[in-house]
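Single-structure report; data block below.
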Amino acid sequence: MFRFVTVVILSALLWSGLAKAEVYPPYMDAFVSDLAGALDPAAENGLRTMLETLEAETGVEMTVLTIRTRDDYAPSASIEAFATGLFNDWGIGRADRNDGILVLVAVADREMRIALGSAYGQGYDVLAQDIISRFFLPDFRDGDYQRGIVAGTGETIARIARRHALDLPPEALQKAAPGGIPGWVPVLALAAFGGLIAVRRRIGDALQVLRRCPACGRLGMRRGREVVASATAEDDGPGVVRTRCRHCDFHEDRPYAIPRKTASGRRGSFGGGRSSGGGATGRW
């Protein structure tokens, strides 16, 4: 009897914990939801403009989501399963086209996923893998999530979203940008702008190698940022700037605040698109 009661109590506690966990994160707007605080405001706005331009010119719904870890949500077997479930829960893309795209970055888990709508063939999975390997992961390995997200998103727009849109019947494409400017021009310009923004912080971190350690006096400090908890619409998120010596045990931690997120851009729901699990995954 005692064993039965214990099992019931433990089961109830476990169920209570699972019930409190969100299955998937909410989106702050339909273009960029930076819950991990990986982007500064200028880069986030630049990404949003890229994605708004894409939707206006082609009708493709593409969204970028950063989270701290999948552990903040209901358990999932893998990032592939999590991304596909989230894609279908949000309904990314128009239901009559299923050409939506999700870029998901889980910072603390050190993994990411480009999830594609069911209209994309396997050839686009290969493209997605190439983009992840060449444009997202190199900067991620250096700890520069902002630069990697901006560059990788620009490549995904140019090589997957726009390329696929050109294969659609002409009536499925919407009016081009005023003045006949090719769609890739604002994408590359905004990606370059976002890259310049990211360079400032990257240079600051790199220059730490010229700083002498207060403990041992040798040159070669290292600095990086860690997100402790994601920002929400109600509260700032705590983060830590960690500085370490390459030669001794000296370390210095400085807290910083990740600004709370405010919804902007297109705030309505997505178009009801679906994914069959296509896309590609990267880990670093």
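The values are calculated or read from the model by the stated rules, or taken from the named source; none is laboratory data. Computed from a predicted structure; not experimentally measured. Note that each Cβ is placed from the backbone with ideal geometry, even for glycine, and that neighbours are counted across all protein chains shown.
Here are a few things to note about the model shown:
- Filtered residue count, region 53-70, keeping only those that are in a helix (DSSP H, G or I) and at pLDDT below 95: 6
- Cβ pairs under 6 Å, 6+ apart, first in region 203-218 and of a type in the set (Gly, Ala, Ser), second in a loop (DSSP other than H, G, I, E, B) and at pLDDT 80 or above: 215/248; 215/250
- Of residues in region 94-119 being more than 24 Å from residue 39 (Cα to Cα) and of a type outside the set (S, T, N, Q), the one nearest to the chain's Cα centre (by Cα): 117
- Only one entry of 58, 53, 69 meets the criterion of being within 17 Å of residue 273 (Cβ to Cβ), surrounded by fewer than 24 Cβ atoms within 10 Å (Cβ to Cβ) and not basic (Lys, Arg), and that entry is 58.
- All of 28, 50 fail the test of being in a helix (DSSP H, G or I) and in contact (Cβ under 8 Å) with a residue 40 or more places away in the chain, apart from 50.
- Lone unmet requirement of (1) charged (D, E, K, R); (2) assigned to a loop (DSSP other than H, G, I, E, B); (3) at pLDDT 85 or above for residue 234: (3)
- Hey, residue 83 within 21 Å of residue 159 (Cβ to Cβ), of a type in the set (A, V, I, L, M), out of contact with any strand residue (DSSP E or B) (no Cβ under 7 Å at 6 or more places or on another chain) and in contact (Cβ under 8 Å) with a residue 12 or more places away in the chain or not: no
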